[in-house]
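Undergrad: My structure is below; once you've seen it, I'll send some questions.
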Amino acid sequence: MEDHQLLRRIVIDPKIIAGKPVIRGTRLTVEFILNLMAHGETVEDIIAEYKGLTREDIQACFLFAGKSLESTSFMPLAEAR
């Protein structure tokens with residue numbers, strides 16, 4: 001699936017979750033999905049828990065996050081002592 005097709009799965013509407021990016025037709029934010037995965041949930045776990053979600057919806061969250069960071073500058077983190 002091409003990027004533009006995946007990105008159509010993510011919507012931003014000020015009336016839904018204060019304008020946070022969500023998966024179309026849900027109130028599940030991109031941030032929520034990424035945090036689930038960061039804490040060990042698998043794509044299969046998420047799809048099983050949230051009926052109607054697809055693997056492509058999860059892919060769209062990663063693509064959206066990546067595209068959102070493309071033009072962001074970062075300062076290096078201080079090294080731990």
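Coordinate-derived values only; no laboratory data. As the structure is a computational prediction, the values presented were derived from the model and not from experiment. Here the Cβ positions follow ideal geometry from the backbone for every residue, glycine too, while neighbour counts run over all protein chains shown.
Undergrad: What order do you get for 5-14, 53-62 when each peptide is scored by the mean count of other beta carbon atoms within 10 Å, highest first?
TA: Top to bottom by mean Cβ count within 10 Å: 53-62, 5-14.
Undergrad: Can you give the local net charge around K20? Use residues other than it whose beta-carbon is closer than 10 angstrom to its beta-carbon, Lys and Arg +1, Asp and Glu -1. Intermediate results must be reported in sequence, preceding the final value.
TA: Numbers: positive: R27; negative: D13, E31.
Cβ neighbours under 10 Å give a net charge of -1.
Undergrad: So what's the net charge close to M1: Lys and Arg +1, Asp and Glu -1, counting the other residues with Cβ under 12 Å from its Cβ?
TA: Residues near M1 contribute -1 overall.
Undergrad: A further question follows. Across the range 36-75, what fraction of all alpha-carbon pairs, as a whole percent, falls in each successive 5 Å bin from zero upward?
TA: P(r) over the range 36-75, rounded to whole percents: 5, 21, 24, 20, 13, 9, 5, 2.
Undergrad: Something else now. In terms of Cα to Cα distance under 20 Å, which aspartates and glutamates are near enough to K15, apart from those fewer than 8 places away along the same chain?
TA: E31
Undergrad: In a shell of Cβ-Cβ distance under 10 Å around I10, excluding I10 itself, what net charge do Lys and Arg (+1) and Asp and Glu (-1) give?
TA: Summing Lys and Arg as +1 and Asp and Glu as -1 gives +3.
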